[in-house]
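Notes follow once the structure below has been shown.
The values are calculated or read from the model by the stated rules, or taken from the named source; none is laboratory data. Since the model is a prediction, treat every value here as computed from it, not as a measurement. Cβ atoms come from the backbone with ideal geometry, glycine included; neighbour counts cover every protein chain shown. Side chains are part of the model used for accessible areas, which takes the heavy atoms of the whole protein and leaves out ligands, DNA and RNA. Shrake-Rupley method; radii C 1.70, N 1.55, O 1.52, S 1.80 Å.
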Amino acid sequence: MGLTTPNSEIDLTRPQPRALIDPFMRTITYLRVSVTDRCDFRCVYCMSEHMSFLPKADLLSLEELDRLCSAFVAKGVNKLRLTGGEPLVRRGIMTLVESLSRHLTSGALKELTLTTNGSQLTKYAAELKGHGVERINVSLDTLDADKFRAITRWGDLSKVMAGIDAAQAAGLKVKINAVALKGVNEDELAGMVEWAHGRGMDMTIIEVMPLGETGEDRIDQYLPLSMVRARLAERFTLDDIDYQTGGPARYMRVKETGGRLGFITPMTHNFCESCNRVRITCTGTLYMCLGQEDAADLRAPLRASEGDDLIHAAIDDAITRKPKGHDFVIDRRAHRPALSRHMSVTGG
Ligand code: SAM
Ligand code: SF4
């Protein structure tokens, strides 16, 4: 089943809608799309154990998601990342991947990728590769099966490991994303770096961010990456390198393993000055910043007409409101998350 409609084709020989440049002269070229807020895990830093999810009727259809993504591609977005919730639990997701891959073929898109918990990769890795996906991020915070169960509440480490095997066997480049969690995986991170690099995978370590109620205390989870880095530096030689993936990670080369290690530090280092991205949720809400409440509804203009003029106008208007940056803080006195929205809604 194809998702393409006449309006979603991009003819590069015709004048294109104007590019997305925000008030701080940052050009928006990267769109992250949360295709579902649902997930087969309940990671302690991401969700509460008994999450309530959006009614399915509120979700954009796969055709609508395709139209919306294509509108952004027409406006100069050249990198698309599907995320969630868990993107691979959305029914029919491969139809969307397949249809979006036409923008790779046309050259409008440089990269189509996704962030996944890995649980469904044995099923989908080969198909992803077949549709032009070259690299994926797999989130994995521990190599210990019991700890994995404790962190994800519902996950099974062996399935994720089999998924990573399948992805590599299919020829996908895998990057491991690990959230640093105080007292949980901090002693394991050096071993994980060796493991990931030993398998030819880059690794990125992420600071926990105060997004959404999870039923857990953020102060208990929060581990500044400056400490992680200092500890890793006792074991490894870390050389700063000028490697960019279009994301916020700062990369080093680990001399002993030869592999790349990234640090994403939203709490201790504000990387907003070079932000090139926006996010849409599975209901068509556009967030101009992961760390701010302001948003724009794109579902109404999407559904209001068959043409894309209204969507383009709504996107242009929203980009004029892209804020300079976020201001997360994990505050001992405030027993609330900095933002009520969960990461699984906005898409990590
Ligand atoms: N389910 C997929 C996965 O886990 O990769 C995609 C969505 S998940 C929300 C995307 C990323 O956000 C994951 O790497 C996850 O570890 C990270 N994440 C979730 N909640 C977070 C938080 N509060 N702080 C920092 N990272 C978080
Ligand atoms: Fe699911 Fe990813 Fe959130 Fe874990 S981090 S609960 S896998 S969406």
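Computed values, structure above
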item: Residue under evaluation THR204, criteria (1) under 19 Å from the mean Cα position of the chain (by Cα); (2) open to solvent by 10 Å² or more (accessible area, probe 1.4 Å), criterion not met; result: (2)
item: Residue in region 137-152 that is surrounded by fewer than 19 Cβ atoms within 10 Å (Cβ to Cβ) and either on the phi > 0 side of the Ramachandran plot or touching a Cys at 6+ places or on another chain (Cβ under 8 Å) (or both) present; result: no
item: Extreme residue, surrounded by the most Cβ atoms within 10 Å (Cβ to Cβ), among residues of region 275-313 that are in a strand (DSSP E or B) and among the aliphatic types (A, V, I, L, M); result: ILE280
item: Verdict on LEU60 being more than 16 Å from ligand 1 (Cβ to nearest atom) and in contact with a helix residue (DSSP H, G or I) (Cβ under 7 Å, 6 or more places away or on another chain); result: yes
item: Tabulated pairs, region 148-167, first hydroxyl-bearing (Ser, Thr, Tyr), second in a loop (DSSP other than H, G, I, E, B) and within 15 Å of ligand 2 (Cβ to nearest atom), C-beta under 7 angstrom, 6+ apart or interchain; result: THR152/PHE41; THR152/ARG42; THR152/CYS43
item: Residues (at pLDDT 95 or above and open to solvent by 10 Å² or more (accessible area, probe 1.4 Å)) located in region 154-171; result: ASP156, LEU157, SER158, LYS159, MET161, ALA162, ASP165, ALA166, GLN168, ALA169, ALA170, GLY171
item: Qualifying positions in region 46-78 - of a type in the set (A, V, I, L, M, F, W, C) and part of a helix (DSSP H, G or I); result: ALA57, LEU62, LEU65, LEU68, CYS69, ALA71, PHE72, VAL73, ALA74
item: Members of region 69-93 found to be open to solvent by less than 20 Å² (accessible area, probe 1.4 Å), farther than 19 Å from ARG26 by Cα and β-branched (Val, Ile, Thr), listed by number; result: THR83, ILE93
item: Every residue from region 243-266 that is among the basic types (Lys, Arg) and part of a loop (DSSP other than H, G, I, E, B); result: LYS255
item: Criterion violated by MET267 - all others in (1) modelled with pLDDT of 95 or more; (2) buried (at least 16 other Cβ atoms within 10 Å of the Cβ) satisfied; result: (1)
item: In region 224-250, the residues that are at pLDDT 95 or above, farther than 13 Å from LEU189 by Cβ and of a type in the set (Phe, Trp, Tyr); result: none
item: Condition met for SER48 (within 16 Å of ligand 2 (Cβ to nearest atom), within 17 Å of the chain's Cα centre (by Cα) and open to solvent by less than 40 Å² (accessible area, probe 1.4 Å)); result: no
item: Yes/no for LEU181 being under 16 Å from LYS147 (Cα atoms), buried (at least 21 other Cβ atoms within 10 Å of the Cβ) and either modelled with pLDDT under 90 or more than 16 Å from the chain's Cα centre (by Cα) (or both); result: yes
item: Every residue from region 16-36 that is open to solvent by 10 Å² or more (accessible area, probe 1.4 Å) and either touching a Ser or Thr at 6+ places or on another chain (Cβ under 9 Å) or part of a helix (DSSP H, G or I) (or both); result: ALA19, ILE21, PRO23, ARG26, ARG32
item: Those residues of region 94-121 which are more than 26 Å from MET203 (Cα to Cα), among the β-branched types (Val, Ile, Thr) and open to solvent by less than 10 Å² (accessible area, probe 1.4 Å), in sequence order; result: none
